Protein chains: 2
Amino acid sequence: MTSGDLNAVLEEARRLVEPKGEEAVREVSEEFKRYIASRIEEAGVRGEVALVGSAARGTWLPDKIDIDLFIILSRDYPKEFINNLLSIIRKFLDKDNISYELRYAEHPYITAHYKGFDIDIVPCFKIAPGEAPITAADRSPLHHQYLLARLDDERRLSVRLLKRFMRGIGVYGAEVRVEGFSGYLTELLVVRYGSFLDVLKAAARWRPYKTVIDIEGYYKPQEALKKFKSPLVVVDPVDKNRNAAAAVSLTSMSTFILAAKMFLRRPSLSYFEPRRTPALAVPTIALVFPWPGGAPDAAWGRLKRIARALANKVEECGFKVLRWGVGGEEGREARVVLLLESYELPQWELHVGPPAASDAAEAFVEKYLGEEVVGPFVEGGRVYVVRRRKITRVEDCLAKTARDLGLRFDIAIGVGTDLASKTPWLT
Amino acid sequence: MTSGDLNAVLEEARRLVEPKGEEAVREVSEEFKRYIASRIEEAGVRGEVALVGSAARGTWLPDKIDIDLFIILSRDYPKEFINNLLSIIRKFLDKDNISYELRYAEHPYITAHYKGFDIDIVPCFKIAPGEAPITAADRSPLHHQYLLARLDDERRLSVRLLKRFMRGIGVYGAEVRVEGFSGYLTELLVVRYGSFLDVLKAAARWRPYKTVIDIEGYYKPQEALKKFKSPLVVVDPVDKNRNAAAAVSLTSMSTFILAAKMFLRRPSLSYFEPRRTPALAVPTIALVFPWPGGAPDAAWGRLKRIARALANKVEECGFKVLRWGVGGEEGREARVVLLLESYELPQWELHVGPPAASDAAEAFVEKYLGEEVVGPFVEGGRVYVVRRRKITRVEDCLAKTARDLGLRFDIAIGVGTDLASKTPWLT
């Protein structure tokens, strides 16, 4: 491939990530900020109101805008004041006829619906760089200041390209469902390496558990690796005790490294706009659960643990799991999907017994004396028997597993799934 | 089970091993010995003629008598004189109209057919105990003298019981086909432990690579284990540099240990008279070769190596080999038998690629870009692909293997074989 192709691909990708209606976003945000600031002041709350996040920095993706308005409280207030503040806000939003929802993630906030936009109103406490946060949201204003000072228009574009690229390959987002790169992390990478392409070139040389990105130079690399013990370590410039890449799983980091290499070798728009292909006829089982409820991160975490346990149990029955994954729709249903070599196992299996010279061998042989088996026979130092499998159908294995683990699910057999397709970003 | 059962079983077993026509064997042997001795003397050969082996000691099994007549030459003769001696013997056998065959095993000898018996005429050289032998047969007269002085009628019976027991469980014979206990070794075990039951009681406590039987006390046990490095070490009383159990494989030793324990726990005539049961419907493949020719030990050795290689190749194709073995009929055909989980493999397989961050990962992904595969995908630190198997039928795997190894064989599918049955000596 020639670099001409690369330029053509980047040109098309730039069009995909071009922000639309930037002017409107800015105007509505500023207007809402002024509104909140005045209402807060009227209520006598001591604190500043600030637009932070990707909308305020011009690094959002066109189809996914998050406007974040932070109310940064004086540290004089106790932590519990956050709930009072939320009540105050709800009261004036009600009075002013602005619709909203109260939300709880790690931290409570309000999403207001204002002039066609969703605006998150997030209370937090004012901290200085390096200072320990009181709530999970306290660092965001610092992150915003840090990035704002270091991003020009060219770099904003790079951030948007990188986000879209990461979304295309399935590693964008720090939530448990993805275990990938947060928006803040993508921006730090651009700050560190300078451009979208430079990030990819650097990532192509990353090695899991060996790569440290420490923009402010707080640590020697070995120190940082020892301290954070993550596949990828990116020291947070505003808090040297935090790894901004702590959420990035080995799978996500490895996927990004591989995708970076492959894109540089053979540039394609498919990384930004994945082309899904039909599922192949690989034996597939989907286990469908009611959505477990609770915070999404907790729910996805639990679902992944269940999926791993189910895959292990199915392998213990003798099935070979080719690939597994989780899916579903938050609030509605959760799915564990298993690709298998086969739905059914051979009738006979080799069962390995104890060493032939051990006392356990006698009990082993006794056990199979009256059974319809091949053997028991000795081979080398061990006793073996070829016996009928108790479970040969995957449905029976799953029914047993459901009883063992105390789970309830519906089983769908032979469903199509992206897990059974070609990798959509590789063309 | 009560000891009454043990006595009843042993009583029946004794009847099975009762020698028949002992008088006739003795008379014909002695007559033939005198005949050979006089002819040898006439020819001016310096040496003695001696009846050795199980027939001469009364330890043969009723249905398998080997009469061994040794011509023990003076050590003045060069080794090559053996061939002259064989010519001399053939000449007078021809003249006296006694039919015979010239045979070559490790060592050349003549089998004469005389008054309804097969008598082996074996030339060897006279050596003293501990002296290095010139031919493989030289120790036999020493073995005979050693055992004759130590076996009374009760012990002869024990030897016959032990031989029959070992034959029943498939470990009797030092030849490569069996890799088991030689006749001489069974007799040494009775000399060491005193009786058939005492041998079993001792064997029940044997441990492979840890058991040393050194009747004459030549070594400390650790010394003997270090020197001989075999699953079972039985120092030859007439040659302390020889392990009389060198031929015993780990499988044969372990089988004997297990059978000894099981018999003592639950005595049954089935150990002496195994009860074959029909083969179970386990997927079975027999590969049939023309008999390779050469000495039987060499042929069986080669056949076992081929069997192991074939079993490995079939597993490399993805099949699970439950059990394998060799068989056939010397001089006619050789067989390798494989019990398999299935004749056919699933269409899809998981193919594990290199670490995702390695350069090899790029080549791996490139390779599968145009193929109909699931993935390539990253899981943890590695790249994988789910691809179609090239070979799914065992016949195709075997055809490929035949080409790879330069072998020719016929394939028989679904044949019945003892390998697919219950162990016939366990009831």
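For the reader, a short list of remarks on this structure follows.
- Value of Rg/Rh across region B:348-388 [Cα atoms, Kirkwood radius]: 0.93
- If R0 is 41 Å, the Cβ-Cβ spacing of B:Glu48 and B:Glu175 corresponds to a FRET efficiency of close to 0.90.
- Cβ-vector label at 7 Å, A:Gly44, separations to other copies in nm: 14.2
- For the residues B:Lys229, B:Lys390, B:Lys320, a GNM of chain B with alpha-carbon springs under 10 Å puts the largest fluctuation on B:Lys390.
- Cβ-defined net charge surrounding A:Glu349, 10 Å radius [Lys, Arg +1; Asp, Glu -1]: +4
- Accessible surface buried at the A:B interface totals approximately 4900 Å², computed with a 1.4 Å probe on protein heavy atoms.
- Ratio Rg/Rh [Cα only; Rh per Kirkwood] for region B:153-271: 0.94
- Taking 7 Å steps out from each Cα toward its Cβ at A:Leu225 and A:Arg103 produces label points 3.8 nm apart.
- Across region B:262-353, the relative contact order, built from alpha-carbon pairs under 8 Å that are at least six residues apart, equals 33 percent.
- Of B:Pro292, B:Pro354, B:Pro278, the one that fluctuates the most in a GNM where chain B has Cα springs shorter than 10 Å: B:Pro354
- Label-to-label distance, nm, for residues given as B:Arg393 and A:Glu216 (7 Å Cα→Cβ offset): 6.9
- For chain A, cysteines whose Cβ has no other cysteine Cβ within reach (under 4.7 Å): A:Cys124
- Near B:Asp214: Cβ cut-off under 14 Å, other residues only, Lys/Arg at +1 and Asp/Glu at -1. The net charge is +3.
- Checked against a 25 Å cut-off, the cross-linked pairs B:Lys210/B:Lys240; B:Lys210/B:Lys320; B:Lys390/B:Lys422; B:Lys126/B:Lys240 give Cα-Cα distances beyond that limit for B:Lys210/B:Lys320; B:Lys390/B:Lys422.
- The radius of gyration of the Cα set in chain B, together with its Dmax, comes out at 27.2, 88 angstrom.
- Calculated SAXS-style log₁₀ I(q)/I(0) at q = 0.10, 0.15, 0.19 Å⁻¹ - region A:21-135, Debye, Cα scatterers: -0.29, -0.66, -1.05
- Area accessible to solvent at A:Ile306, 1.4 Å probe radius, in Å²: 30
- The label point for B:Ser342 and the one for B:Arg276, both projected 7 Å from the Cα toward the Cβ, are 3.1 nm apart.
- Under 13 Å, Cβ to Cβ, from A:Arg160 - net charge with Lys/Arg +1 and Asp/Glu -1: +4
- For B:Glu273, the distances from its label point to the matching points in the remaining copies are 8.6 nm, ordered from shortest, with each point set 7 Å beyond Cα toward Cβ.
- Residue among A:Gly180, A:Gly380, A:Gly194 with the largest mean-square fluctuation in a Gaussian network model of chain A, springs linking Cα atoms under 10 Å: A:Gly380
- Residue list for region B:70-109, given a label point 7 angstrom along the Cα-to-Cβ vector of B:Trp291 and an amide N cut-off under 19 Å: B:100-109
- Overall dimensions of the protein assembly as shown as given by Cα atoms, namely Rg and Dmax in Å: 41.1, 139
- Our compactness index for region B:317-427, the C-alpha radius of gyration over the empirical 2.2 N^0.38 Å, is 1.51.
- Across the copies of the chain, B:Asp297 has label points (7 Å from Cα along Cα→Cβ) spaced 7.3 nm apart, shortest distance listed first.
- Taking every protein chain into account, the accessible area of region A:21-135 amounts to 50 square angstrom per residue (probe 1.4 Å).
The values are calculated or read from the model by the stated rules, or taken from the named source; none is laboratory data. Remember, it's a predicted structure, so these values are computed and weren't measured experimentally. Counting neighbours? That spans all protein chains shown, and the Cβs are built from the backbone with ideal geometry, glycine included. The protein model used for the area step is the full one, side chains on, heavy atoms only, and it has no ligands, DNA or RNA in it. Shrake-Rupley method; radii C 1.70, N 1.55, O 1.52, S 1.80 Å.
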